[in-house]
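Worksheet: the structure to be examined is printed underneath.
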2 protein chains.
Amino acid sequence: MRRIKAVVYGVGSMNSIATRMMLEKGVDIVGALARSPEKVGRDLGEVAGLGFETGVTVEDDPDRVLSSRQADIAVIAVASYMSDMYEHLRRCAEHGVNAVTIAEEALYPWNSSPMATAELDHIARRHGVTLTGTGHQDVYWVNLVSMVLATAHRIETVTGRASWNVDDFGPEVAKDQRVDTSVEDFDRWLAEADRPPSFGRNTLGALVEDLGLSVAAQESTTRPEVAKQRVPSKSLGMTVDTGRVIGFTDVDTVRSHEGVTLTFEMTGRLYLEGEADINDWTVTGEPELRLLNPAVPTGVTTCTQLVNRIPDVINAPPGFITIEKLPRLRYRAFPLGTYVRDGG
Amino acid sequence: MRRIKAVVYGVGSMNSIATRMMLEKGVDIVGALARSPEKVGRDLGEVAGLGFETGVTVEDDPDRVLSSRQADIAVIAVASYMSDMYEHLRRCAEHGVNAVTIAEEALYPWNSSPMATAELDHIARRHGVTLTGTGHQDVYWVNLVSMVLATAHRIETVTGRASWNVDDFGPEVAKDQRVDTSVEDFDRWLAEADRPPSFGRNTLGALVEDLGLSVAAQESTTRPEVAKQRVPSKSLGMTVDTGRVIGFTDVDTVRSHEGVTLTFEMTGRLYLEGEADINDWTVTGEPELRLLNPAVPTGVTTCTQLVNRIPDVINAPPGFITIEKLPRLRYRAFPLGTYVRDGG
């Protein structure tokens, strides 16, 4: 069996979990990269909170690490948008290292950042490596949905709803989600806000491509989520009054030339007691279908998919290969290296 | 575009729906087979209740139809068990016609009927055709479950629960499911009954194979479902008293050498007001996962998968190819012929 050599690129909360999972699945960590001075120079196991030393020191020079370790893949968790990811992905490709990332936009950046994606695709092909975006949305918002749709005779509408808890990410994110503003202030902010495209657009892009449909029109709207009762916020250390904003929902809609309307509603707001992340899809047409994952552990399934995708990315043809082009994701009962094909 | 030529093999309730779906997806029906004298000699559209004539007459000689129509595939819905299916599948293969069937055991007959399956595999290879079993269980009990498991780091147990309503299939099936017997009579019947393996065994066989695990031990048990209140039975035209049997549950369990325990509980009983077929899977390990399809339209999704699988079966290599070896099932937005590869 071949052992996979990986570089941990970014040592935050997601890649700390992914590091443990990779070690448990027989991956050799041959390098770790971070920018923060509190992390650089320390052992990866210590920085990632694994409770043991890995013998791998966290470094801050990506070019040195990528050029010297003969890594099969870089596992990147540093940013969400392609504008921030471009340099990291380019660097991996130019050093001949495959890369997989949980950057949300990278799931299907062909529609939101077509130029950057085409450039990276070109660089990756020239260097014979694969670049791929994955994460929670890979299975839960695209592949699982596509598989349910495979049991339809005729689709009219596909409507997905997912949520995340604003309170899980600290006071800054709570403020970004406009928690405790008035609806009037929210509307004023929204009218002037220069927000990047929501990730729902990338999700629906992957889904439409996977279904073999073509986009006729698309639109994105945003609505405030308003407290129907007083809602405590842990991260802000206060309670939001009834009638004030507790977050918002981005609604992306795509109409296909084939007459299918796909909608994805992504809500980030304060949760009430007992609420959890959900994944809830409804299909109309023949027949009506429903898929529900109650209480999804989004953070963990982000890491599991990042790790379980590694063999697929190594095996894939060169280029920026989005997930609808990869084999369906599988459980990895054995060390990840056993799933790598000769020549992969 | 190539047009697919199909033989409708058996014109019961499932293949009547499948016939309409095939016609709507651009399939040419080149023959129809039934045994019942009330069906033979009539137009397929009339027998299937389509509301229009198809120009295809229902015939009763499979050898004549299979040898003379240059069909790409036979779509078979006539029986559930391999013992009944063997002759039908052999005949298709020997006439060089691919076959897809909703016979439940055919989903993964390698464990329950290994000899017959190996023989059919041999005959199919010799004649260059593919034989495959599909149906509701393809996506809902195997592929969808496998995709959720792909988001796990480590699986300990996988537990599935599905149900069907005894009252949907007439008085004979209700009697077979022991409706309105006492628990004592049920236990006595169960101790002496010479029942074939439950289809849960085939489902778990496909799932274990798909996960790349190997079977260490398996067992099947059956428990009565007992009325907790008075339950009316439409098919029997009576009401079952509290404490009496309203059906039963087959529980199949597989323990793998890799330490995973998979359980599938299939319940066939009288439903209470408002109940519907469910598909409910729970996974323990890291992390805990849940998949729920409330109110599954099992009959329709049996037909949609039968029809949507047609291109996969035509494209597949020769042999008895079970679904975990096929590409993941996809929605067919366009005529089925567009999904057939050259040489398929």
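Please treat every number below as a calculation from the coordinates, not as lab data. Being a predicted model, the structure only gives us computed values, none of them experimental. Cβ: placed from backbone, ideal geometry, glycine included. Neighbour counts: every protein chain shown.
Annotations for the structure displayed:
- Extreme residue, farthest from the chain's Cα centre (by Cα), among residues of segment A:90-113 that are touching a residue at least 40 places away in the same chain (Cβ under 8 Å) and assigned to a loop (DSSP other than H, G, I, E, B): A:VAL97
- In segment A:122-133, the residues that are surrounded by 19 or more Cβ atoms within 10 Å (Cβ to Cβ) and part of a helix (DSSP H, G or I): A:ILE123, A:ALA124
- Residues in segment B:164-223 that are acidic (Asp, Glu) and either within 14 Å of chain A (Cβ to nearest Cβ) or in a helix (DSSP H, G or I) (or both): B:ASP167, B:ASP168, B:GLU172, B:ASP176, B:GLU184, B:ASP185, B:ASP187, B:GLU192, B:GLU209, B:ASP210.
- Those residues of segment A:273-298 which are of a type in the set (Gly, Ala, Ser) and either in a strand (DSSP E or B) or more than 9 Å from every other protein chain (Cβ to nearest Cβ) (or both), in sequence order: A:GLY274, A:ALA276, A:GLY285
- Scanning segment A:130-163 for residues that are touching a His at 6+ places or on another chain (Cβ under 9 Å) and more than 10 Å from chain B (Cβ to nearest Cβ) yields a count of 1.
- Taken over segment B:299-326, residues that are assigned to a helix (DSSP H, G or I) and either among the basic types (Lys, Arg) or in contact with a His (Cβ under 6 Å, 6 or more places away or on another chain) (or both) amount to 4.
- Against the conditions (1) surrounded by fewer than 19 Cβ atoms within 10 Å (Cβ to Cβ); (2) touching a residue at least 60 places away in the same chain (Cβ under 8 Å); (3) within 14 Å of chain A (Cβ to nearest Cβ); (4) more than 23 Å from A:VAL145 (Cβ to Cβ), B:HIS257 satisfies every one except (2).
- Screening segment B:20-29 for residues that are buried (at least 18 other Cβ atoms within 10 Å of the Cβ) and touching a residue at least 40 places away in the same chain (Cβ under 8 Å) and picking the one that is nearest to B:PHE334 (Cα to Cα) gives B:LYS25.
- If you filter segment A:327-344 down to residues that are in a loop (DSSP other than H, G, I, E, B) and either away from chain B (no Cβ under 13 Å) or within 16 Å of the chain's Cα centre (by Cα) (or both), you find that the one that is nearest to B:VAL158 (Cα to Cα) is A:LEU329.
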